[in-house]
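This report refers to the structure that appears directly beneath it.
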Amino acid sequence: MSPTEYTVIEMTGRDRPGLISEISTALYELRCHVTAAVAWTHNARAACIIHIEDGLKGGPIMAPKLLAQVQQKLESVVDAHHESDERRSVRLTAPAAGRIHTERQLHQLMYADRDYEQCQGCDGSCRQWNGCTRTHVTIEACREKGYLVVNLRCRDRTKLLFDIVCALNT
């Protein structure tokens, strides 16, 4: 499938049971065909990228009225259970000219949504790493070699290195 054959939906908001079901139902009711979808959740936040086609005509959704309806319906789904100060977004776009790795794109969405814990640094109370649940980041300049050294101490998790590389590239 060429990148111009679908419309892209990028969404972030609070994760909750039934969210994907509600999104799917909304798209079905608007006669949108989902060609691909990927979602991430972390810290009670969710981000997803959905590729959709016009269910009647095929291809990207070109009708401004239908695009507005999809935008409005998805915003109401995301808004349904939010709290007043909660971050959320729904964005419909054309596919990017250069193919962006979906996981990289999701990482950028979660990062923009501020889905990360700020490092508090080491205040001296965590001299023993065993059992420490805090993240410690230090950056040192290596002047002789002309580069920076980033030290990260945290619990291991799936895709940790991938997320670190993505964060350093932003």
**Request:** Could you look through segment 14-56, keep only residues that are under 18 Å from the mean Cα position of the chain (by Cα) and of a type in the set (Lys, Arg), and pick out the one that is farthest from Pro95 (Cα to Cα)?
**Result:** Arg16
**Prompt:** Are any residues in segment 1-32 in contact with a helix residue (DSSP H, G or I) (Cβ under 8 Å, 6 or more places away or on another chain) and either assigned to a helix (DSSP H, G or I) or without any contact (Cβ under 8 Å) to a residue 24 or more places away in the chain (or both), and if so, which ones?
**Reply:** Leu19, Glu22, Ile23, Ala26, Leu27, Glu29
**Request:** State all residues of segment 109-168 that are at pLDDT below 60 and under 24 Å from the mean Cα position of the chain (by Cα); if no residue qualifies, say none.
**Result:** Asp115, Tyr116, Glu117, Gln118, Cys119, Gln120
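It is to be established whether one or more residues within segment 39-57 are outside any helix (DSSP H, G or I), of a type in the set (Lys, Arg), closer than 30 Å to Arg157 by Cβ and touching an Asp or Glu at 6+ places or on another chain (Cβ under 7 Å). Step through it out loud before you land on a result.
So in segment 39-57, the residues outside any helix (DSSP H, G or I) come out as 39-57.
Now drop any that are not of a type in the set (Lys, Arg), which leaves 45, 57.
Checking the rest, the ones that are also closer than 30 Å to Arg157 by Cβ come to 45.
With the extra rule that they be touching an Asp or Glu at 6+ places or on another chain (Cβ under 7 Å), the set shrinks to 45.
Looking for residues that are outside any helix (DSSP H, G or I), of a type in the set (Lys, Arg), closer than 30 Å to Arg157 by Cβ and touching an Asp or Glu at 6+ places or on another chain (Cβ under 7 Å), one finds at least one in segment 39-57, hence yes.
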**Request:** Just one of (1) surrounded by fewer than 12 Cβ atoms within 10 Å (Cβ to Cβ); (2) within 15 Å of Leu109 (Cβ to Cβ); (3) modelled with pLDDT of 85 or more trips up Thr93, so point out which.
**Result:** (3)
**Request:** Return the total of residues in segment 1-49 being of a type in the set (Val, Ile, Thr) and touching a Lys or Arg at 6+ places or on another chain (Cβ under 8 Å).
**Result:** 2
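The values are calculated or read from the model by the stated rules, or taken from the named source; none is laboratory data. Keep in mind it's a predicted model, so treat the numbers as computed, not measured. Reconstructed Cβ throughout: ideal geometry from the backbone, glycine too, with neighbour counts over all protein chains shown.
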